[in-house]
Amino acid sequence: MKKTLLATLLVAGLGATACSGDPEPHDPTEGTPAGDHEEARRFVEDYAEDRDEGAAGPATMAHEGAADAASEGGDIAHPEPMPMPPPPGPGEDNTFTDVGDTAWVAAQESPMSTFALDVDTGSYRVAHAMAANGTSPQPDSIRVEEWANSFEYADSAPEGTALGLQVETGAAPRAGDGTALVRVGISSDEVAAQDRPQTNITFVIDTSGSMDIRERLGLVKSSLALLAESLNPDDTIAIVTYGSEAAPVLEPTRVSDRDTIIDAIEELQAGGSTNMEAGLAMGYRQARVAQVEDGINVVVLASDGVANVGTTDGGTLADEIAGAGEEGIHLVTVGYGMGNYNDTLMEQLANQGDGFYAYLDTFEEAEQLFVEDLTQTLTVVARDAKSQVEFDPELVESYRLIGYQNRALEDEEFRDDTVDAGELGAGHRVSALYELVPTDAVTDGAVVGEARLRWADPDSGETTEVNAPITWSQDEASETLRLAALVADSAELLKGNSIVSKRGFTLADLRSEAQALASQDVAGVAELLHLLDEDLHRQGAPIED
């Protein structure tokens, strides 16, 4: 049966090891021991070492070459290379778009809430990159749903359908008395790795001068090396690069010819302007030429998101790739490196390209993202997935959806199957959080609303809709609701949401909650705790164990 991959195929690609030397050939079908990625790591480590030792980057080398030529002509004797301006720091020249705050909606006026599902996690990883560089997350960089969807909430896999729907309600831990927190949990069916069809991946790599900042291009090269080790021998990899212009670097090459792929990776160098439009156009052409019928076809954009030649407007670029997902070619955008980084464009492109947006800043993050977290999410099991929640205005006075501001749909679009929405891969888990203020008529256990899911089968196009009741409860929040509330409150407080800011709790209060959950070994909380610690440290606040 035909399966379409939500570019998470990259997940498998980046989740194994590769060698830049001449080791014994590795059979990708045999798999790679977990954590055995030292050879692939060499690309980024060598890149960083070369920079630390003062190796000349492309721009410096160009000046030196010009100077040498002048010297040979007798005009200048032993000229000094032209000095280059320092690269922007991690907190400089970044582009984010504020999606706005969530606000209360009167259920009497608008009882329905409708949005496209989203599996992006880039915003949460960007926050960690900022913390690692000694700065707080920029408020405009925070998209709360991407923080929430970076965590697991123990939702079980669906039975008999591609997507499952689970709802839990309890007292909102830090909201006003009587406010409830609802988590709508969505889980997707799981598909065994051996069922994956043949794969065609086209890497579109930004090799402009900005990718020479710190070790961005080195990390891209490590990612490619991991990809070369992970796929099956008959899968293909192609590479297109773009600086001032686009260029085909590697024609579709079977993974069994690994030496050719590694040689192409070795040759990647940074320099020039950034013609992203040309790179994407050539990448999609290459993907179409090598497209595998009934297989997995993915374009992976590896970039810092900057575009300064050709079409540079994010909306126009997104429009140019719209529709490729209907052809069975999906786009994954993977961002590299803070400082002169365009988060807005990378997220826009992924949304329009029927794929997802991820961000990484270190080799360890690449391992976590592509090996630990996403290795199951290879095959698209649901296309154009949407969620709608309808509240009973007799029992709910007001509600607010926490996040998903830039994924909102009109209520009538929920059952309009021509509307583009989100794609979910096998094993994905998504959550949507609502806060509810009740009317005086509510009673414990009353059904106050209904949650709905609607999606299309990626093969047949057949549409399925499922629903689940939302019942009122003021019981103490479960462990999963506490986790969801902690993540959302952390994101909204750092973002400066006025509703949350007025509730009186602090980052120190959230840290105490994170510490309590970490003591119970709740997955992922230790990393969030570290993020809160970093921010408190920057504020000079005391941190108690």
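The values are calculated or read from the model by the stated rules, or taken from the named source; none is laboratory data. Only a predicted model underlies this, so the values are computations on that prediction, with no experimental measurement involved. Because the Cβ atoms are built from the backbone with ideal geometry, glycine has one as well, and the counts that use them run over all protein chains shown.
Numbers below:
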read-out: Any hit, region 411-429, residues being crowded, with 24+ Cβ neighbours inside 10 Å, in a strand (DSSP E or B), in contact with a Gly (Cβ under 9 Å, 6 or more places away or on another chain) and not hydroxyl-bearing (S, T, Y); value: yes
read-out: Qualifying residue in region 225-237 (condition: surrounded by fewer than 24 Cβ atoms within 10 Å (Cβ to Cβ) and either over 27 Å from G427 (Cβ atoms) or touching a Phe, Trp or Tyr at 6+ places or on another chain (Cβ under 6 Å) (or both)); value: no
read-out: Test: residue in region 232-244 that is touching a residue at least 60 places away in the same chain (Cβ under 8 Å) and part of a helix (DSSP H, G or I); value: no
read-out: Conditions (1) among the hydrophobic types (A, V, I, L, M, F, W, C); (2) assigned by TED's automatic domain parsing to the domain that holds E159; (3) assigned to a helix (DSSP H, G or I): number failed by V466; value: (3)
read-out: One residue from A180, A148 being assigned by TED's automatic domain parsing to the domain that holds R452, closer than 30 Å to T97 by Cβ, modelled with pLDDT of 90 or more and aliphatic (A, V, I, L, M); value: A148
read-out: Selection within region 245-290 - among the charged types (D, E, K, R) and in a strand (DSSP E or B); value: E251, R254
read-out: Scope region 142-186; condition farther than 19 Å from T439 by Cα, in a loop (DSSP other than H, G, I, E, B) and of a type in the set (G, A, S); matching residues; value: S150, A154, S156, A157, G160, A162
read-out: Region 306-324 residues that are over 21 Å from R383 (Cβ atoms) and not assigned by TED's automatic domain parsing to the domain that holds A421, paired with ones that are aromatic (F, W, Y) and surrounded by 19 or more Cβ atoms within 10 Å (Cβ to Cβ) (beta carbon under 8 Å, 6 or more apart); value: V306/Y341
read-out: Meets criteria (within 24 Å of the chain's Cα centre (by Cα), in the same structural domain as D416 (by TED's automatic domain parsing), assigned to a loop (DSSP other than H, G, I, E, B) and not acidic (D, E)) for Y124; value: no
read-out: Hey, V255 more than 21 Å from G353 (Cβ to Cβ), among the β-branched types (V, I, T) and not assigned by TED's automatic domain parsing to the domain that holds A148 or not; value: yes
read-out: Every residue from region 430-470 that is within 17 Å of A172 (Cα to Cα), under 27 Å from the mean Cα position of the chain (by Cα) and not aromatic (F, W, Y); value: S431, A432, L433, E435
read-out: Search result, residues across region 247-296 that are under 26 Å from T316 (Cβ atoms), crowded, with 18+ Cβ neighbours inside 10 Å and aliphatic (A, V, I, L, M); value: A270, M276, A278, L280, A281, M282, A287
read-out: Test: residue in region 505-513 that is without any contact (Cβ under 8 Å) to a residue 24 or more places away in the chain, surrounded by 14 or more Cβ atoms within 10 Å (Cβ to Cβ) and touching a helix residue (DSSP H, G or I) at 6+ places or on another chain (Cβ under 8 Å); value: no
